[in-house]
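The values are calculated or read from the model by the stated rules, or taken from the named source; none is laboratory data. Keep in mind that this is a model prediction, so the values were computed, not measured. Cβ placement follows ideal geometry from the backbone for every residue including glycine, while neighbour counts extend to all protein chains displayed.
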Amino acid sequence: MTTTDLWQRLRRDHPRLLDAAGGAALVAVVAQGVSADQNNGHFFLPGLASVLLATASTAAVFLHRRFPQAVIAVTLACTMALGVLNTRLTVALAAPLLVTLYLLAVRTDRSTALRASVVSAVLLAVTALAFGPGGPIGERLGVLAWALLPGALGDSVRNRRAHLAAIERRAERAERTREEEARRRVADERIRIARDLHDVVAHHIALANAQAGIAVHLMDRHPDRAREVLSHLTDATGAALQELRATVGLLRRAEEPAPLEPAPGLDRLPDLINAFEQAGLPVRLTVAGEQRPLSPGVDLTAFRIVQEALTNVAKHARGADAEVTLAYTGSRLALSVANGRAAGRPAPAALRQDGPGGFGLIGMRERAVAVGGRLSADHRPDGGFQVTADLPLRTGSRDTPAFADQGEKDLHR
């Protein structure tokens, strides 16, 4: 522990002990000042008035925390009186005043400390000139120097403490910011993992569920077709297990490099549509405009949105068909996945955003927003459901959305 640390600990934990030690030292200094002959250095018995003034001045210092300005006034008056009664006004006689000027500068603002120091210096200088021994004027005005010094030292200490306190506050604020940023990143990572698990696993489970339902329906009358559907069911569950194992493996081995195989994109859309058709969901794909390359993040987002939307159709609108539309306009891609109402079935209320679970639509919207796009999902007038997303071809594009209304297009011009 350094000397500074020890002093700070004593000042914080034992202020009264420090006051007692400082008071004892102050009494010794003032006693030497009132009993020493400044001309020959001999000691003598001081007068009663000097003893009372020295005692009052020293005792007043102990009240500096409660009455700082009043203590300055008392010690200043006592010091001036001692200067009148003694042959020379010395630093020892003025010690209580100098201590209180220092403490005032440490604990108050600069202007208050400066006023107190200047007033004290002027009055002490007047006392030294009027009642002190003769001699060079410069020597007698030396009282100005040691009367102003405590205020300057106290101001320096106060500034240093304020600087250190500001550094500590900034360090604490930076630490809180780092902790908040770490918590935010953990939350974002949890959301990303949840979204990826939902997109990957829920898709295959929904396909498996649809294929199992078809197999049960065909088992009695068309066992050969049921057997074919069950073979596709095995493929779907196997793919689900493989992708789940890969995702969990990445979480368990975070220190290992990520796999190098490319993320799925719209180039795998035919395979996705074929898997849904094998599960009994007819899907029609329409591409409008000249196809353009997408950035990897946008390509993955577009694929996941189509995958999730078709999964919802397979779960909630069995017997209906779906239509996937990709429209390339300018530097934007507008994609939509729509389905009609299945014969004899009510509208798929579970697809509403506020329905139970609701994580599919939330995940699709988060993915679209993350790449600078937007997504909407609502019921169609004919009773079906439609998911529409507008995405930039490149991440960070600020062009007009492909399905923006006229007012929005005017704003972008």
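Observations on the model:
- Any hit, region 372-381, residues being modelled with pLDDT of 80 or more, touching a Lys or Arg at 6+ places or on another chain (Cβ under 6 Å) and farther than 17 Å from L266 by Cα: yes
- Screening V91 with (1) closer than 28 Å to R66 by Cα; (2) touching a residue at least 40 places away in the same chain (Cβ under 8 Å); (3) part of a helix (DSSP H, G or I) gives one miss only, at (3).
- Residue in region 97-109 that is modelled with pLDDT under 85 and surrounded by 15 or more Cβ atoms within 10 Å (Cβ to Cβ) present: no
- Single residue of region 36-58 satisfying the filter (among the small types (G, A, S) and at pLDDT 75 or above) that is farthest from the chain's Cα centre (by Cα): G47
- Test: residue in region 184-207 that is touching a His at 6+ places or on another chain (Cβ under 9 Å), modelled with pLDDT under 80, over 30 Å from M80 (Cβ atoms) and not assigned by TED's automatic domain parsing to the domain that holds S117: yes
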